Protein chains: 2
Amino acid sequence: MDTSLTIAEVHLTPILIADPPLLNTQGVHQPYTPRLIVEVVTRGGVSGVGETYGDGDYLALARPLAESLIGHPVTDMNRLFSLAEAAECAAAGEGLSGAAGGGIDEGTDAGGLRGVRSAAKLRLSVVSGFEVACLDALGKTLGLPVHTLLGGKVRDRVEYSAYLFYRWAAHPAPDAPKDDWGAALDPPQIVAQARRFADAYGFRSFKLKGGVFPPDEEIAAVRALAAAFPGQPLRLDPNGAWSVETSLRVARELGDVLEYLEDPASGADRMAEVAAGAGLPLATNMCVTTFPEIREAFARDAVQVVLSDHHYWGGLRNTRELAAICRTFGVGLSMHSNTHLGISLAAMTHVAATVPNLDYACDSHYPWQTEDVITRRHAFEDGCLTVPDAPGLGVELDRPALAALHRRWLDDDGTMRERDDAAAMRVAEPGWVTPAVPRW
Amino acid sequence: MDTSLTIAEVHLTPILIADPPLLNTQGVHQPYTPRLIVEVVTRGGVSGVGETYGDGDYLALARPLAESLIGHPVTDMNRLFSLAEAAECAAAGEGLSGAAGGGIDEGTDAGGLRGVRSAAKLRLSVVSGFEVACLDALGKTLGLPVHTLLGGKVRDRVEYSAYLFYRWAAHPAPDAPKDDWGAALDPPQIVAQARRFADAYGFRSFKLKGGVFPPDEEIAAVRALAAAFPGQPLRLDPNGAWSVETSLRVARELGDVLEYLEDPASGADRMAEVAAGAGLPLATNMCVTTFPEIREAFARDAVQVVLSDHHYWGGLRNTRELAAICRTFGVGLSMHSNTHLGISLAAMTHVAATVPNLDYACDSHYPWQTEDVITRRHAFEDGCLTVPDAPGLGVELDRPALAALHRRWLDDDGTMRERDDAAAMRVAEPGWVTPAVPRW
């Protein structure tokens, strides 16, 4: 095979990016969050970029995986998974700490907003950054966009949804970055936020992150949105904060205006119970976030829409396999998004363009991210992104911006490098503890 | 995008190929069977080949699909399915006969050795020939083997199984092609056939096509194989000819030597009942042959191994999606094969090389096919094919051979063009009717 596709170098650049004071059921994120930028460089001199989580556990696995990829062609994507497993074992052998160093420990932890946390899922999240970088490098080498490498786009634009958050005006930490969005703590402020999103980006559907205030307040906010944007699709996502009883009550009260209710309760048991009585579809990016969770959840009809996330699922090609599974089992599909930059948004847009059964507008956290590592930020028009037809992902790395965000990571004393939302909350409320689930 | 990848021409060449007098529960095939060779030629002057069923229904859909593909890039593979649907509607509008002309008729017919027969499945079979041709052309243009276009091989050799058949020495028709295999109608003759396969090709596992003789005779044949090849994997496939009771009895009697029992009974109901009591895995290429059949069959645990066939499932990329589904649901995977030529065997080998969860040696009908349309026939070694690393499929069309087989198709008076196994049997036994199921 053409050796110009062989990986000659892999660069890993951990960064810290600004994250605004958005509220969720576990409180607020820290003012900065870690991401990892993956860059593969081929012998042909082509560079491809990917992006994934940047917490220490992810870095601990990404480093040996980067080493082991040298000499492989960028086309070797089916082997990324076994290479990552081998890298994990190597890391364990060297006594590295953290989940990546756990080696054969496949223990899971149901906590956290990212759904189940396991060594296998962490591995897939790391792989996703490398797979996207390989696809980008391959596409650039061949002169083909990433969507073409995935079998070709079936749509020219991908629709996204406005992602509304309760929020503070500013982080309590004095040196945290500022923005001009102001506080959003009641229905009128949520409607104002939605209006600004609709005006600036053309979003036609709206998702409210809930689980922050008692359910009646959030029901009132959704009702206010329905009045302000009649007939437009609405969603509410309390991140599993509610009991079955509360979930059913909210479903009853908002069934006429919600296109789906997202993760009202935690775990397949509660979700199945809610689904049986809700009278509207339940979506998830917490109950089903890995392939091993699918079987039971689908058998019990616990979820009706899976919000895919190529970071969780191990890349764009695995996301397409998830789409095939959803298609086969009559389960809806859309896309989850949390704090990420333009590389990942490009990746999401490419894969979304190739999936026939994309049933809802995708989530996008992107408008909340004021910093980026690409030279030209993505621009939403009518709530949509046009699918890039340039080779690879169609984005260019902004090296000065990347260097500055990496410098921030280097200068951090360690508090921000590990995403610890409880720590962030304790700045505002000393003695804060992450609420138990169900919270209401 | 580079217009050299645009499809400039599509050539469809129906052919008739020799098929030996192998027996199955419905009798014997005709001495010749139709296949369709699909060739796409790009503006860049690169030609890619694919192969699929060649019966009239398939041709009736392939023709308008070929027309509609002109001007599309060979990379437009995700769109092949909707293009085929549109072609089917166009064909229906022009009043063409046959299933392809049925347009919106999605009625199904459970009969036949190919499992469920529906307009959707026929469409997928046609698409498979075009998809493989597009992959071949794309690979040749880019200098990449097809397995690389599918994410890269995870193994360098693909293992195949010997496909043993009860057979007559010759077809009853006087002008039918001859071979030197002789008759195989009892256990010693089956063992002799297996020995010849093992010696010539190195096959280490053996599948016997059953449903031909009363079950006790076939049990004796499998016992004879187990004695002749101790410890080597054996399979028996009566094509759904047995009742639940008979299936359970055979499973009991052969449970110690079969790695799986293939399609003992017909339909998900009977298969589920057999599976519950068989004590060994049930494989299928009849009960689950399309995506819509998966959900119920898996929920009822009716099958434990799916024998994929890229013709049935709509191509190599869909086969990978089927593999992902099997992986997710803990169902085994291997590969089905019936009368096909070297183009399809190359396609099978490429996709098999990329699937991590290929749990058993693949079936191969190929040694029974004495004719081919490629210049260099595939050579099994130790029962395996080495995965080709040449660009595309790694096969070259033998144009004189193709022309001769097409000439045979042109010269046929219509009897062979439509595969009609009952007609073939009536030559030997006037008054023969296809046996009702269950036969025993």
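The values are calculated or read from the model by the stated rules, or taken from the named source; none is laboratory data. Bear in mind that the values here come from a model prediction, so they are computed numbers and not experimental data. Please note: Cβ atoms are built from the backbone with ideal geometry, for glycine as well, and neighbour counts cover all protein chains shown. We work out accessible area using only protein heavy atoms, side chains counted, and drop any ligands, DNA or RNA first. Shrake-Rupley method; radii C 1.70, N 1.55, O 1.52, S 1.80 Å.
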Item to complete: Write down the accessible area per residue of the stretch B:144-186 in Å², having rolled a 1.4 Å probe over the full set of protein chains.
Response: 36
Fill in: Residue among B:THR415, B:THR289, B:THR349 with the largest mean-square fluctuation in a Gaussian network model of chain B, springs linking Cα atoms under 10 Å
B:THR415
Response to the item:
At q = 0.21, 0.22, 0.23 Å⁻¹, the log10 of I(q)/I(0) for the stretch A:196-311 from a Debye sum over equal Cα scatterers comes to -1.11, -1.19, -1.27
Worksheet entry | Cα-projected label distance for A:THR415 with A:VAL433, points at 7 Å along beta-carbon direction, nm | 2.3
Worksheet item: For the protein assembly as shown, what is the calculated [θ] at 222 nm in deg cm²/dmol (nearest 500), taking -39500 (n - 2.57) for each run of four or more DSSP H residues and dividing by its residue count?
Response: -12000 deg cm²/dmol
Discussion item. Between helix A:80-93 and chain A, what is the angle of the helix's C-alpha long axis to the longest principal axis, kept within 0 to 90° and rounded to the nearest 10?
Written reply: 90
Fill in: Reduction of at least 20 Å² in accessible surface, 1.4 Å probe, comparing all protein chains with the chain by itself, residues of the stretch B:38-82
B:THR75, B:ASN78, B:ARG79
Fill in: GNM result for chain B, Cα springs below 10 Å: residue of B:ASP382, B:ASP19, B:ASP263 fluctuating most strongly
B:ASP382
Worksheet item: If the label for A:GLY279 sits 7 angstrom from Cα along the Cα-to-Cβ line, what are its distances to the same label in every other copy, in nm to one decimal, shortest first?
Response: 5.3
Item to complete: Pop out the ³J(HN,Hα) list for the stretch B:153-161 in order, Karplus 6.51 cos²θ - 1.76 cosθ + 1.60 with θ = phi - 60°, rounded to Hz; leave Gly and Pro as x.
Response: 6, 10, 8, 9, 10, 10, 8, 10, 10
Discussion item. Placing unit charges on C-beta atoms (Lys and Arg positive, Asp and Glu negative, everything else neutral), compute the dipole magnitude of chain B about its Cα centre in debye, rounded to 20.
Written reply: 620
Item to complete: Keeping all protein chains in place, calculate the accessible area per residue for the stretch B:228-326 (probe 1.4 angstrom), answer in Å².
Response: 29
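Averaged over peptide A:319-331, how many Cβ atoms belonging to another chain are found within 10 Å of each residue's Cβ?
Per residue, the number of nearby Cβ atoms from other chains is 5 on average.
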Fill in: Longest to shortest principal axis, alpha-carbon extents of the protein assembly as shown, angstrom
95, 62, 55
Worksheet item: When averaged across all projection directions, what area in nm² does the alpha-carbon convex hull of the stretch A:102-213 cover?
Response: 12.0
Worksheet item: Lysine pairs, Cα distance under 24 Å, 8 or more residues apart or cross-chain: how many in the protein assembly as shown?
Response: 13
Worksheet item: For chain B, modelled as a GNM with alpha-carbon contacts under 10 angstrom, which of B:SER68, B:SER205, B:SER125 fluctuates the most?
Response: B:SER68
Response to the item:
Those residues in the stretch B:267-310 that give up at least 50 Å² of accessible surface, probe 1.4 Å, once the partner protein chains are present instead of the chain by itself are B:ARG295
Discussion item. Rounded, prolate or oblate, given the Cα gyration tensor of the stretch B:1-93, with a/c below 1.5 counting as rounded?
Written reply: prolate
Fill in: Base-10 log of normalised Debye intensity for chain B (one unit scatterer per alpha-carbon) at q = 0.07, 0.12 Å⁻¹
-0.32, -1.00
Item to complete: Could you look at chain B and say what percent of its accessible area is carbon and sulfur, using a 1.4 Å probe and all protein chains?
Response: 51
Worksheet item: Taking the Cα atoms only, what angle lies between the long axis of helix B:244-254 and the longest principal axis of chain B, rounded to 10 degrees?
Response: 80
Discussion item. Need one number: nm distance between label points at A:GLU67 and A:HIS11, each 7 Å from Cα along Cα→Cβ, rounded to one decimal.
Written reply: 2.1
Discussion item. Report the Cα centroid-to-centroid distance between the stretch A:35-98 and the stretch A:210-236 in angstrom, as an integer.
Written reply: 42
Practice prompt. Determine, at each q value in 0.09, 0.13, 0.14 (inverse angstroms), the log₁₀ of I(q)/I(0) that the Debye formula gives when each Cα of the stretch A:148-386 is one equal point scatterer.
Written response: -0.37, -0.79, -0.92
Response to the item:
When every protein chain stays in place and a 1.4 Å probe is rolled, A:ASP180, A:ASP389 sorted by accessible area with the largest first are A:ASP180, A:ASP389
Discussion item. Give me, ordered by chain and number, the residues 5 or more places off A:GLY240 or on other chains with an amide H under 5 Å from its own placed amide H.
Written reply: A:ALA265
Worksheet item: Can you list the GluC sites (Glu not before Pro) in the stretch B:31-94 that are in a DSSP coil and have 14 or fewer other beta carbons within 10 angstrom?
Response: B:GLU94
Worksheet item: Just the accessible area for B:GLU245, please: 1.4 Å probe, Å², rounded to the nearest 10?
Response: 150
Discussion item. If you count only protein heavy atoms and use a 1.4 Å probe, how large is the accessible surface of B:LYS207, to the nearest 10 Å²?
Written reply: 0
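So if each residue of separation counts as 0.36 nm, and I subtract the Cα-Cα distance between A:ASP156 and A:THR386, what length gain in nm does that give?
Working it through step by step, the gained length comes to 82.2 nm.
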Practice prompt. Could you tell me the accessible area of A:HIS378 in Å² (1.4 Å probe, neighbours in place), rounded to the nearest ten?
Written response: 40
Item to complete: Determine ³J(HN,Hα), in whole Hz, for all residues of the stretch B:141-152 in sequence, where each value follows from phi through the Karplus function 6.51 cos²θ - 1.76 cosθ + 1.60 and θ = phi - 60°; x replaces Gly and Pro.
Response: 5, 8, x, 10, x, 4, 4, 5, 5, 9, x, x
Fill in: In nm, spacing of pseudo-spin labels at A:GLU396 and A:THR3 (7 Å Cα→C-beta vector)
3.1
Worksheet item: Computed over the Cα atoms, what is the radius of gyration of the stretch B:130-285 divided by 2.2 N^0.38 Å, N being its residue count?
Response: 1.27
Worksheet entry | Test item: Cα-centred dipole of the protein assembly as shown, Lys/Arg +1 and Asp/Glu -1 on Cβ, debye | 380
Worksheet entry | In the A-B interface, the accessible area buried, summed over both sides, Å² (probe 1.4 Å) | 2600
Worksheet item: Using the Cα gyration tensor of the stretch A:338-440, with a ≥ b ≥ c the square roots of its eigenvalues, what is the shape: rounded (a/c below 1.5), prolate (a/b larger than b/c) or oblate (neither)?
Response: oblate
Worksheet item: Ranked by accessible surface with a 1.4 Å probe, highest first, in what order do B:TYR360, A:TYR163 come?
Response: B:TYR360, A:TYR163
Worksheet item: Amide H to amide H under 5 Å from B:LEU208: which residues, 5+ apart in sequence or cross-chain, H placed 1.01 Å off N in plane?
Response: B:LEU164, B:ARG235, B:LEU236, B:ASP237
Worksheet item: Where in the stretch A:143-161 does accessible area fall by at least 50 Å² between the isolated chain and the complete protein assembly, at a 1.4 Å probe radius?
Response: A:LEU144, A:GLY151
Discussion item. Can you sort B:ASP359, A:ASP57, B:ASP309 by solvent-accessible area, 1.4 Å probe, largest first?
Written reply: B:ASP359, A:ASP57, B:ASP309
